[in-house]
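Here the structure is laid out as structure tokens; the discussion comes afterwards.
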Amino acid sequence: MASFSYIGAICKVPSAPFLSSSSSRALFPTTLRSYSHSQVSRSRSCRLCIRSSYAEAVRGNPNSDAIDVVADVKTERIVVIGGSGFVGSAICKAAVSEGIEVISLSRSGRPSNSNRWVDQVTWITGDVFYANWDEILIGATAVVSTLGGFGSDEQMLRINGEANVVAVNAAKEYGIPKFILISVHDYNLPSFLLQSGYFIGKRKAESEVCSKFPSSGVVLRPAFIYGKRKVDGFEIPLDLIGEPLEKLLRATESFTKPLKSLPASDLVLAPPVSVDDVAYAVINAVKDDDCFGIFTIDQIKEAAAGVKV
């Protein structure tokens, strides 16, 4: 199992009057610096560069109607693996709301709900192990994997580890610029408790992302993810538990912080994460060329705040 010497995210923060040139690129080993919506996440989704000679022409000849405009607009096209699932559908919805073209690959295909955003996603039914990547990855600017699940150790190693490794290698082979993996917080568990197929598989996938996309790969490590989850046609309102619990844990953080050094303490003390925050942290990573690394719970929250308004 791969080990990492640090957990952190690297982002390029645009220069501003109050920032020195040396701080335009920052490493966040434990926390992600707060910055405004106008400073983050806009670098990739739409780049519009205009050069105009109209003003010069008018100054030289008031009767001239000459104008030279050159525009370079870059749009995003992402592939969400597991896009019809709980987290995947939230990512698809957020991406559509940001004007990003979305392709979903999942075994269940198009979800049954009739929300308007669903019609704006290309739904492909398939298995990552047998996918026709020529159909799926051509033209993509990022791949997002939400693959994960529980079961026997063998099953968990296959879905959490091997399936994600297949996706990472396919993205690398097709020259996709960025890969984003939804992983999991380790809850400060002792090492012997991290030897299950679930965690070994997740860390194997993380290692593959960091290896194949060293300067553009993104790994999100949320704790319990809450929101309205649909299972077999029934809606489970996980937010009724998750949202107040998150607020309580964040409000008492200064009192509980000394306890976080205890083994497995985060099983109780790690704040839950909204599925919308996970989704918008993904959008932040998709849009910002200079964001990469492993994002902790707090960094996920702050990255999402840079996109949500």
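Among the residues making up region 99-133, those that are part of a loop (DSSP other than H, G, I, E, B), touching a residue at least 24 places away in the same chain (Cβ under 8 Å) and surrounded by fewer than 19 Cβ atoms within 10 Å (Cβ to Cβ) are Gly99, Ser108, Gly109, Arg110, Ser112, Asn113, Ala131. The residue pairs whose first member lies in region 223-244 and is touching a residue at least 12 places away in the same chain (Cβ under 8 Å) and closer than 20 Å to Ile300 by Cα, whose second member is of a type in the set (S, T, N, Q) and assigned to a strand (DSSP E or B), and whose beta carbons are closer than 8 Å, counting only pairs six or more residues apart or on different chains, are Ile225/Ser274; Tyr226/Ser274; Gly227/Ser274; Asp239/Ser274; Gly242/Ser274; Glu243/Ser274.
Ser211 meets the conditions (1) under 29 Å from Thr141 (Cβ atoms); (2) modelled with pLDDT under 95 in every case but one. The failed one is (2). In the set Val286, Val219, Val307, Val282, only one residue is crowded, with 16+ Cβ neighbours inside 10 Å, among the hydrophobic types (A, V, I, L, M, F, W, C), in a loop (DSSP other than H, G, I, E, B) and on the phi < 0 side of the Ramachandran plot; that residue is Val307.
If the condition is being within 12 Å of the chain's Cα centre (by Cα) and open to solvent by 20 Å² or more (accessible area, probe 1.4 Å), then region 266-279 contributes only Asp276. Considering only residues in region 176-207 that are in a helix (DSSP H, G or I) and either among the hydrophobic types (A, V, I, L, M, F, W, C) or over 16 Å from Gly148 (Cα atoms) (or both), the one that is nearest to the chain's Cα centre (by Cα) turns out to be Ala205.
Of all residue pairs spaced 6 or more apart or on separate chains, those with beta-carbon atoms under 6 Å, a first member in region 180-195 that is open to solvent by less than 30 Å² (accessible area, probe 1.4 Å) and a second member that is part of a strand (DSSP E or B) and not polar (S, T, N, Q) are Ile180/Val144; Ile180/Val218; Leu181/Val219; Ile182/Leu220; Ser183/Val219.
Taken over region 222-247, residues that are open to solvent by less than 80 Å² (accessible area, probe 1.4 Å) and assigned to a strand (DSSP E or B) amount to 5. Scanning region 248-264 for residues that are surrounded by 12 or more Cβ atoms within 10 Å (Cβ to Cβ) and not in a helix (DSSP H, G or I) yields Pro263, Ala264.
The values are calculated or read from the model by the stated rules, or taken from the named source; none is laboratory data. Note that the coordinates shown come from a computational prediction; the quantities given were computed from them, not determined experimentally. Please note: Cβ atoms are built from the backbone with ideal geometry, for glycine as well, and neighbour counts cover all protein chains shown. Just so you know, the surface numbers come from the protein's heavy atoms only, side chains and all, with ligands and any DNA or RNA stripped out. Shrake-Rupley method; radii C 1.70, N 1.55, O 1.52, S 1.80 Å.
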